[in-house]
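A short reminder: the numbers here are calculations on the coordinates, not readings from a lab. Computed from a predicted structure; not experimentally measured. Reconstructed Cβ throughout: ideal geometry from the backbone, glycine too, with neighbour counts over all protein chains shown.
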Amino acid sequence: MKRTVVVFSGGQDSTTCLIQALQQYDEVHCVTFDYGQRHRAEIEVAQKLSLKLGARAHKVLDVTLLNELAVSSLTRDSIPVPGYNPEDKGIPSTFVPGRNILFLTLAAIYAYQVEAESVITGVCETDFSGYPDCRDEFVKALNHAVSLGMARDIRFETPLMWLDKAETWALADYWQSLETVRLETLTCYNGIQGDGCGECAACNLRAKGLNHYLANKPAVMAAMKQKTGLK
């Protein structure tokens, strides 16, 4: 039996990964992390979506210790969530230091326990918003370390790594789930489900990708299939 663990936030990217994983694996487990995040509604969204979509199990892990250590606009109400500014360079205030290091490591431990062969995460280097822990180099390096440390080859899969946001929308549409991802996920840094606040960087990236996909469906779908190997 093929099993996997999906790092699941209830956002566009992780939901698209979950939808695909349910087609490719016999048993899919979801793990969501409560790190005291500002937009805590995402935990409830993740719980509802994992149940609706048919995950085998959904575990919410308390890692609020991260909130004590990692200073970010997503962990501190006193730091405002920035609006979209194309001139901004460098690492944004929404970066949570160590988040993916912790999440992927804990997800791998969970995968070890349920005898899953892989951990799936929706990180993406193409539209990575300046987050250093969303890069392919980082994921591969951590994967190597975790496999060595547990003496088991648990594979980290990153199905969105080389897709832009338009192509991620195409992937959701390929699995006939475009409306589910659009209306029921929560990507917004201000915690608004669906199309979100329309002002933060996450909403801007999401909306631009959707608009580009809807205006150029055949070309974007073809590009997505070429990158993913889907027929």
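In straight-distance terms, cross-link reach from Lys140 covers every one of the lysines whose alpha-carbon lies under 19 Å from its own, apart from those fewer than eight places away in the same chain; here that gives Lys227.
Given springs between every Cα pair under 10 Å in a Gaussian network model of the chain, which of Lys52, Lys140, Lys208 has the largest fluctuation? Largest GNM mean-square fluctuation: Lys52.
I need the calculated FRET efficiency for the pair His144 and Arg40, taking r as the beta carbon distance and R₀ as 41 Å, to the nearest 0.05.
That gives a FRET efficiency of 0.80.
Nearest 0.05, what FRET efficiency do Asn216 and Ile91 give at R0 = 22 Å with Cβ-Cβ as r?
Numbers: r = 31 Å, r/R0 = 1.40.
E(calc), rounded to 0.05, equals 0.10.
Here the relative contact order of the chain, from alpha carbon pairs under 8 Å that lie six or more residues apart, stands at 22 percent. Gain on full extension, evaluated as 0.36 nm per residue between Lys48 and Asp136 minus their Cα-Cα distance, stands at 28.7 nm. Note on Val60 and Ile101: the model spin-label points, each 7 Å out from Cα along the C-beta direction, lie 2.7 nm apart. Bridging of Lys48 to aspartates and glutamates at a Cα separation below 20 Å is possible for Asp13, Glu27, Asp34, Asp62, Glu179, Glu184, Asp195, once same-chain residues fewer than 8 apart are set aside.
Under 15 Å Cα-Cα from Lys231, which aspartates and glutamates qualify once same-chain neighbours fewer than 8 residues away are excluded? Reachable aspartates and glutamates: Glu167, Asp173. Annotation: amide H-H contacts under 5 Å for Val119 (H modelled 1.01 Å from N, sequence separation of 5 or more, or interchain): Val5, Arg155, Phe156, Glu157. Counted by Cβ distance under 13 Å from Pro132, the other residues give a net charge of -2, where Lys and Arg count +1 and Asp and Glu count -1.
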